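Colleague: The structure's right below; bear with me while I get my questions together.
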Amino acid sequence: MSRLCIDLPPFAPDYSGAASAFFDLGGIIVMHDASGCTGNYTGYDEPRWIGSKSAVFCSGLRRIDAVMGNDEAYIKRTVDAANILNPKVIAYLGSPVPMVIGIDLEGMAYETENMTGVPSFGISTTGEKYYDKGASDVFVKLIKRFAKKPVKKEDGAKKSVNLLGMIPLDVGNTGNCNRILTFVRENGFEITADFAMGLSVEQIEKCPLADLNIVVSRCGLEAARYLKRKYQIPYICGVPLGDGENLLKKIRGEQEEKEQKNSCSRRILIIHEQIMANSLREKLEENGCTNVTVASFFGLEKELQRAGDLHLKDEAMTRKILNKEDYDVIVADPEVKKLFRERHPVFFALPHAAVSSKVHWNAYREYLGDDMEDFIKEIASVS
């Protein structure tokens, strides 16, 4: 019962993250469930779904199938769909029932690929983990399957990058993906692959050619680690905010300036995806804020974590921290404001679609430009 949510909505599960990672590949995504999980993803976790041509199907799992097993029928339906749609990839995604009864999704994918010749994946999502885990697993599998050995680049070729972790569950539905891509290009880089908004198999094949990986959310970090081990591609973690200098400094390898004039020690708590929250903290520090803590519902990577940063394991823990700790300013998804009971610190809304779904996914701030610069200065002026 520790993960019971009373005030907050249910967070995006692993199958939604996995489906988001596959979404733009021109494939067939089969959610192996009775229809609720599929509807949860298409209706609440995927802003690209309405008006798209992405083939996301539900297997229509029924009680008798769960008891007796009916894998062959599901495979046949998928093969029939593949014969009509000519997909680039096929993916079977799990849900709670396949987990409980032990359906072999990888085996189904293997048989499907033998019958169709289409690269097929079985992803053992369960609905018990969060979106970042599902997307992370898919990115690594895609790279292992499709990435080709890099060839020597031509002399004088532009520096190129991969962007890892770009899914709407993190960057929202207001154009931040395109803003980040444009920013990177305008600063002299070619983009080899964007994992995963606009991703193609051809991009994945070329991703080992990149000179640098830019990880914009935790769901891209494991792929960056793999590419570093396999192809010696270095990586940095960050989201360009405001003027984007926070990311450019990391690309240039510059040390961050820690000492600030006119600093204030009021306590600020940022609750968001870890890399986004870290990037916002860096910008606030540039504006004189010296006591900023990062927290996330979705776990923290040790290599990106500072002393005092918080993994908010459930709603009850979050409520206790918000009402007992003496944070002066809270920056978080608007739904988090519902948790205040005893204290009411200054609150700044920063939507996170993995938390609040479609309720606020169109209310994201523009990460690059005056909108974010003004937002950062407003927070700093209070603190």
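Colleague: Would you check which residues across the stretch 182-198 are among the aliphatic types (A, V, I, L, M) and either over 16 Å from ASP24 (Cα atoms) or open to solvent by 20 Å² or more (accessible area, probe 1.4 Å) (or both) and list them?
Modeller: VAL184, ILE191, MET197, listed by residue number.
Colleague: Another question about this same structure. Working only within the stretch 233-279, note down all residues that are within 20 Å of ASP211 (Cα to Cα), surrounded by fewer than 14 Cβ atoms within 10 Å (Cβ to Cβ) and either modelled with pLDDT under 95 or of a type in the set (Asp, Glu) (or both).
Modeller: Selection gives ARG252, GLY253, GLU254.
Colleague: Could you list all residues from the stretch 155-180 that are open to solvent by less than 20 Å² (accessible area, probe 1.4 Å) and under 18 Å from TYR364 (Cα atoms)?
Modeller: Residues of the stretch 155-180 that are open to solvent by less than 20 Å² (accessible area, probe 1.4 Å), as a first pass: 160-172, 176-177, 180.
Residues satisfying the conditions are GLY165, MET166, ILE167, PRO168, LEU169, ASP170, VAL171, GLY172, ASN176, CYS177, ILE180.
Colleague: Something else now. For residues that are in contact with a Ser or Thr (Cβ under 9 Å, 6 or more places away or on another chain) and hydrophobic (A, V, I, L, M, F, W, C), scanning just the stretch 333-350, find the one that is most open to solvent (accessible area, probe 1.4 Å).
Modeller: The initial filter retains those residues of the stretch 333-350 that are in contact with a Ser or Thr (Cβ under 9 Å, 6 or more places away or on another chain), namely 333-336, 339, 346.
Checking the rest, the ones that are also hydrophobic (A, V, I, L, M, F, W, C) come to 336, 339, 346.
Numbers: VAL336: 1, LEU339: 0, VAL346: 62 Å².
So the residue we want is VAL346.
Colleague: Being under 15 Å from SER20 (Cα atoms) and of a type in the set (Asp, Glu) narrows it down to one of ASP132, ASP71, ASP104, so name that one.
Modeller: That would be ASP132, the only listed residue that is under 15 Å from SER20 (Cα atoms) and of a type in the set (Asp, Glu).
Colleague: Also: So, of the residues in the stretch 106-152 that are out of contact with any Asp or Glu (no Cβ under 6 Å at 6 or more places or on another chain) and basic (Lys, Arg), which turns out to be modelled with the lowest pLDDT?
Modeller: LYS152
Colleague: A follow-up question, please. Contact list please: Cβ distance under 8 Å, first residue in the stretch 10-26 and under 21 Å from ASP333 (Cα atoms), second residue assigned to a strand (DSSP E or B), pairs at least six apart or on different chains.
Modeller: Matching pairs, first to second residue: PHE11/TYR130; ALA12/TYR130; PRO13/TYR130; ASP14/TYR130; GLY17/TYR130; SER20/ALA196.
Colleague: Only one residue in ALA316, ALA353, ALA295 is in contact (Cβ under 8 Å) with a residue 60 or more places away in the chain and crowded, with 19+ Cβ neighbours inside 10 Å. Which one?
Modeller: ALA353
Colleague: Another question about this same structure. With (1) over 25 Å from ALA82 (Cβ atoms); (2) open to solvent by less than 70 Å² (accessible area, probe 1.4 Å); (3) part of a loop (DSSP other than H, G, I, E, B); (4) not basic (Lys, Arg) as the list, and VAL151 as the residue in question, which single condition is left unmet?
Modeller: Of the numbered conditions (1) over 25 Å from ALA82 (Cβ atoms); (2) open to solvent by less than 70 Å² (accessible area, probe 1.4 Å); (3) part of a loop (DSSP other than H, G, I, E, B); (4) not basic (Lys, Arg), the odd one out for VAL151 is (2).
The values are calculated or read from the model by the stated rules, or taken from the named source; none is laboratory data. Being a predicted model, the structure only gives us computed values, none of them experimental. Counting neighbours? That spans all protein chains shown, and the Cβs are built from the backbone with ideal geometry, glycine included. Surface accessibility is based on the protein's heavy atoms, side chains included, excluding ligands, DNA and RNA. Shrake-Rupley method; radii C 1.70, N 1.55, O 1.52, S 1.80 Å.
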